[in-house]
Each structure stands twice: as C-alpha cells, then as structure tokens.
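Structure first, commentary second.
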Amino acid sequence: MENINSRLKFYCDADRCIECFACVVACQNAHELPVGIARRKVVTLNDGVEGKETSISIACMHCSDAPCSQVCPVDCFYIREDGIVLHDKEKCIGCGYCLYACPFGAPQFPKDGVFGAKGAMDKCTMCAGGPLETNSEIERHTYGQNRISEGKVPVCAAMCSTNALMIGTSEKVSELYRTRVLARGESKEANNSYLWNVAYNKQSRKGLTQ
Amino acid sequence: MKKYRVLLSSLLLSMTSLYAISTGTYDDPLYGTAMLNAIPKYFAFGEVFTYLQREWFWKGFLIALFLVPVAGSIHYMIIGPKVFSHDGKKIFAFGLFMRIMHNLAALSFLVLVPTGFVMAFGDFFGGGTFVRVCKNLHGIATPVFAITVLPMIIAWIRDMIFNMDDVKWMMIVGGYLSKEKKPIPAGKFNAGQKAWFWIAMPGGILMILTGALMFFLNINLSPVATLFGVSQIDLLRISAIIHNVLGMVVATFFMVHVYMAAIAIKGAIHSMITGYKEEEEVAILHSSWYRKLKEEGKV
C-alpha cells in the first residue's frame, strides 16, 4: 500500500441522508443475509428533536489500521491492496473480539452454533466477496455478491436515493465531499448549484415562490 | 363484515411489525444509537482492549502456560516429591457430596483451561473447526463448573479464612523447599489451598459472569450495562479484559493445584477420590488440624 489515499472508503454525508433505509434493505437483499444480520445500519441520533436530528448510514469503515485484524485470535482478517478489509469465515471462530475492537459495531454474529453459540462473524465486504474463488457459487453463498470484481459500485451506495452514501478512493470521496460542502453556500466563491440552493438555501427557496 | 375484520386485524398486525422494526432492529442496545454514542468514548476501553489483546494477552498466556510446568519440573528434580506412608491409619477429610462437587469442578477445569489456551493461541492452531469446537466446549463446560461453585463456597469458606498459621506457612513456602518432614503450620487447608480457594471461587464467579456476557453478546444486556453505567459495547470490552487477565491467574493456580495434588505430594489425589487422607500426611502438612483432631479424640 504505497499511497494511503488510494484506499477504497465509504463516507455517509449526514446532511443528505434521509433515513430511507434503502441501503440496509438493498444490502440485506443483495447478499441474502439471514434475519438479525445487518451489515449496514441506519442510525438516527436525536430522533424527533428539531434541528438536531441526524441520520447516518454505518457499516464497516474498512479502516487503514483495522483494529479487528489486530485483535483476531485466529488471524482471519486480511486487507486487500485496495484497502478493503475482508475475513475468512472458515477460520473465524466467532469469539466476538473484533466487535470489541471495532468502534463502529461492524461485526455481526449469527446464532447458529450449539446452544445458541455464535457462528462465524459476518460483516460488510464492500461487495467484494471473500477469499474463496471469485464469483463462484460458494463465495456468493458465504460472503454475498462480488460486485467489485464486476466493476460495479457496492449495492448500498448504488441504491442511495440522495447520493448521501459515497464510495471510492479516499481522494475521490474527499474531493466530492469538499465540492458539496462548498456548494452548500458556505463559501461565496463556490459555484453554487441551483438545485442545491433550492433545497438548502432559504433565499433561493423564497425566490422560487415569488 | 368478516372481510373487514380480517382486513383490520391484518392492518393492525402489520402496524405492530412496523413498530418492531422501528424499535427493535434499528435501535438495538448494542448496534443502535448506543454504539454511535460510544464512539467518542472508544479510547477508554476499546483502545485499551485492542492494545492489550494485540500486545500483552498472548504473552501473558504464554508465561502462564510454561511457568508452572517449568517451575514444577525444576522443583521435582531438585527437591523431589513428598512421600508419606500409605499403610498407616487414614483420616476422613471430605464427604461424598463435596467430593462429587470438587471432581465435577475438576472435570470442567480440565476442559476450560486447555480450551481457553487453544483460543488464546488460536492462530497457532490455524483457526477453523478445531478452535471453534474448543470455543463451544469452553461454553458447555461452564454450567458444569457453575453448579459446583456455591456448594464449595458454603462447605469450605469457614476453613478458608486466613489466620496466623498461614503467615508462618508463607514464610517457609509450606516447607516445599526442603525434604525435611517436620510439622508445617496449617489447619484443614494450608495457605496455598486458601489462596487457590479465594482465586477460584470469587474469581470463578467473575469468570462465569464475564464469560456469560461475552457469550450472550448481541442480546439485550442493557439492564447489566445500566447497572454499571456503561454502554453495552463497553461492558463487553471490560468483560473481555477481566476474563483474559483473570484467566491467566486462574490457569496458573489451577496448574499449581494439579501439580501439588497429583505429583508433588505422592497420592494426595486419593483424598478427593476416597475421602481419606493419610495420617502421616495430615500430621506433617496440616499439623494444626491434626492437633485439633487429637484434642477432640477423633484420631
């Protein structure tokens, strides 16, 4: 990993997320996840408090220094060249340590063992499958779709109706987000988008009604 | 009319499922807003756990694994085991019920300790089925140990309170550093056994509780979490830290206990099978108890 900015990243623009849960449903459907497994979650903070309510879509953040991979007692994690953090479900024993190390609650645990013991961990793969043969039936069954190998955007970001959920190299994502923040009218020099001002800028909205 | 009733009830049913989705799935006590609110506090337990698990726990377990076998074999080679006559009179020490309880606990420990080590060095075994089976055995053996804890505490706690004999015992390390057979100050249980009791019983309860929390990780543990005033994820992190550190201590003491009973004092293990101790062994290693029994005319 010569350039840290070339790693693939998710970013959820909390100003745009409208809490529609499309990313969650798309993810669960695309990967045929069992009930109770939510690789991606939408969490709303200050629900119902006017002006303070914020929603964010959250999943594995594919950290550069992935703490999950540092604590795994069986070393089942591996980090791809493009920064996607994946794990080997055949090695995983379902101990839960990765969840304790994760700040974002990404690792999920199905209860499929004896007496409700935890099965192998499941988490967001950024739609990149797992260590098994790419696009094989067994890979799809174990880890879900492998859209990255087909050159597609992960299904959650592809589905996002407001484009709140961004995915790409960290360079691209931050560039995109920077443009958006500037366009929101927080800088006079920025090329303000008309539609954006209609949606977010009071003066433009007033102008429209006149 | 019937049609409307069916329609109405199905509508109501779908409403309840909506309610279940909105409150159950998306504000999970572990994964919901509580997790997001715990992110700013990540450095407290999350970072500490990550650091300890990455740098220290495996080293601790490595020391725990080799400390007693190495120290034990050195002791065995230099000083050697204590051998007492097995032909003399015998003194009844442990009733049938307590022997069953103790040996159930012993059996569960013979599963818990090795499987715990296998998990701690899971990467050495390459993960997969073997380590997973060990993890499940670790969970299954726990209830077996759990049922023996209270009987053992109730039966032995009065004999386990430290007294002046134990200070003297500690000064001479129980006389295990010499081959001489002179009476050692100790009651029914010596200071070493007492230390093991206080580690295995309150420590064992703590191990069961922290282990149970980690076993049930994604069910609603908020009653416990609010009791300690932390989020559920922090509760799990604290549990993992306690379970690992205490695990090293318990495993070390367990191996000392096994070495003493099975190797260092020849035949001492029979007192937990038949219930009888050799009179000579009691007279030397538990001299205070022996004196008391003599005064009471029980010998």
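Read-outs: derived from the displayed coordinates by stated rules, not from any lab. All figures in this text were calculated on a predicted structure; none of them were measured in a lab. Backbone-built Cβ (ideal geometry, glycine too); neighbour counts: all protein chains shown.
Structure values in brief
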| quantity | calculated |
| --- | --- |
| Failed item in (1) more than 12 Å from every other protein chain (Cβ to nearest Cβ); (2) in contact (Cβ under 8 Å) with a residue 40 or more places away in the chain; (3) part of a loop (DSSP other than H, G, I, E, B); (4) under 23 Å from residue A:42 (Cβ atoms), with residue A:130 passing the rest | (4) |
| Any hit, the stretch A:22-32, residues being charged (D, E, K, R) and touching a strand residue (DSSP E or B) at 6+ places or on another chain (Cβ under 7 Å) | no |
| Only listed residue being on the phi < 0 side of the Ramachandran plot and either out of contact with any Cys (no Cβ under 6 Å at 6 or more places or on another chain) or surrounded by fewer than 17 Cβ atoms within 10 Å (Cβ to Cβ) (or both), chosen from A:154, A:103, A:107 | A:103 |
| Residue within the stretch A:43-55 that is of a type in the set (Gly, Ala, Ser), more than 30 Å from residue A:183 (Cα to Cα) and touching a residue at least 12 places away in the same chain (Cβ under 8 Å) present | no |
| Filtered residue count, the stretch B:51-76, keeping only those that are more than 14 Å from chain A (Cβ to nearest Cβ) and either touching a Phe, Trp or Tyr at 6+ places or on another chain (Cβ under 9 Å) or closer than 30 Å to residue B:276 by Cβ (or both) | 9 |
| Single unsatisfied condition, residue B:178 versus (1) away from chain A (no Cβ under 14 Å); (2) among the hydroxyl-bearing types (Ser, Thr, Tyr); (3) buried (at least 20 other Cβ atoms within 10 Å of the Cβ) | (3) |
| The stretch A:107-124 - residue that is under 22 Å from the mean Cα position of the chain (by Cα) and free of Cβ contacts under 8 Å to residues at least 60 places away in the same chain and, of those, farthest from residue B:129 (Cα to Cα) | A:107 |
